[in-house]
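Report on the structure given below.
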Amino acid sequence: QVQLVESGGVLVPPGGSLKLSCAASGSIFSLHAMGWYRQAPGKQRELVATITTAGGTTNYANSVKGRFTISRDEAKNTVYLQMNSLKPEDAAMYYCNGHLTDWFYNAYGVRSLNESFVWGQGTQVTVSS
């Protein structure tokens, strides 16, 4: 089982910077990719950024492109989200996500892929003066 724990969410003024961390533990060999999502009150959860564990390929939402940077530390099994030039609309609960891809032999002897996602508990980011 994989567990994700986020940290770093605090109150920051507009234009400020903040760095979030997501530490993964457990059966991390099955992690294909990790990412950050956010959800503000009354709104749907939206993707912020993702990064693959193997090649480090990144992907960003258009709303944060050029301001946010996702990175990883393989030795620490940790993913970071560096947020710069923060805006009030960036305020939300930020969730760490893990994309799991586990290969196994099913009851019929067929090699199959079990694809699932795990979520952290979230860390609150508030952007206010």
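Below is a table of values for the structure above.
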{"read-out": "For Rg and Dmax of the Cα atoms in Å, calculated from these coordinates, the label among (1) 15.8, 60; (2) 14.2, 48; (3) 13.3, 40", "value": "(1)"}
{"read-out": "Value of relative contact order over the range 1-112, rounded to a whole percent, pairs C-alpha under 8 Å and six or more apart", "value": "32 percent"}
{"read-out": "Cβ-based charge dipole, the chain, positive-most Cα from Leu86, Asn59, Asn106", "value": "Leu86"}
{"read-out": "Antiparallel bridges, percent of DSSP beta bridges restricted to the chain (to nearest 5)", "value": "95 percent"}
{"read-out": "Whole-number accessible area per residue in Å² for the range 44-93, which is evaluated in the context of all protein chains at 1.4 Å", "value": "54 Å²"}
{"read-out": "Packing-based ranking, highest mean first, of 108-115, 91-98, 17-24 given that Cβ atoms within 10 Å are counted", "value": "91-98, 17-24, 108-115"}
{"read-out": "Kirkwood-type radius of the range 1-63, with distances r between different C-alpha atoms, in Å", "value": "13.6 Å"}
{"read-out": "Anisotropy class of the range 64-129 from Cα gyration tensor, a/c 1.5 cut", "value": "prolate"}
{"read-out": "Cβ-placed point charges (K, R +1; D, E -1), dipole of the chain about Cα centre in debye, nearest 20", "value": "220 debye"}
{"read-out": "Rg over Rh, two decimals, the range 33-105 (C-alpha only, Kirkwood Rh)", "value": "1.01"}
{"read-out": "Relative contact order [Cα under 8 Å, 6+ residues apart], the range 83-129, whole percent", "value": "48 percent"}
{"read-out": "Carbon/sulfur fraction of accessible area - the chain, other protein chains in place, 1.4 Å, %", "value": "51 percent"}
{"read-out": "Nearest-0.05 FRET efficiency for Ile28 and Ser63, computed from C-beta distance (R0 25 Å)", "value": "0.30"}
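The values are calculated or read from the model by the stated rules, or taken from the named source; none is laboratory data. Just so it is clear, the model here is predicted, and its values are computed rather than measured. FYI the Cβ positions are ideal-geometry reconstructions off the backbone, even for glycines, and counts take in every protein chain you see. To get the accessible areas, we keep the full protein, side chains included, count just its heavy atoms, and leave off ligands, DNA and RNA. Shrake-Rupley method; radii C 1.70, N 1.55, O 1.52, S 1.80 Å.
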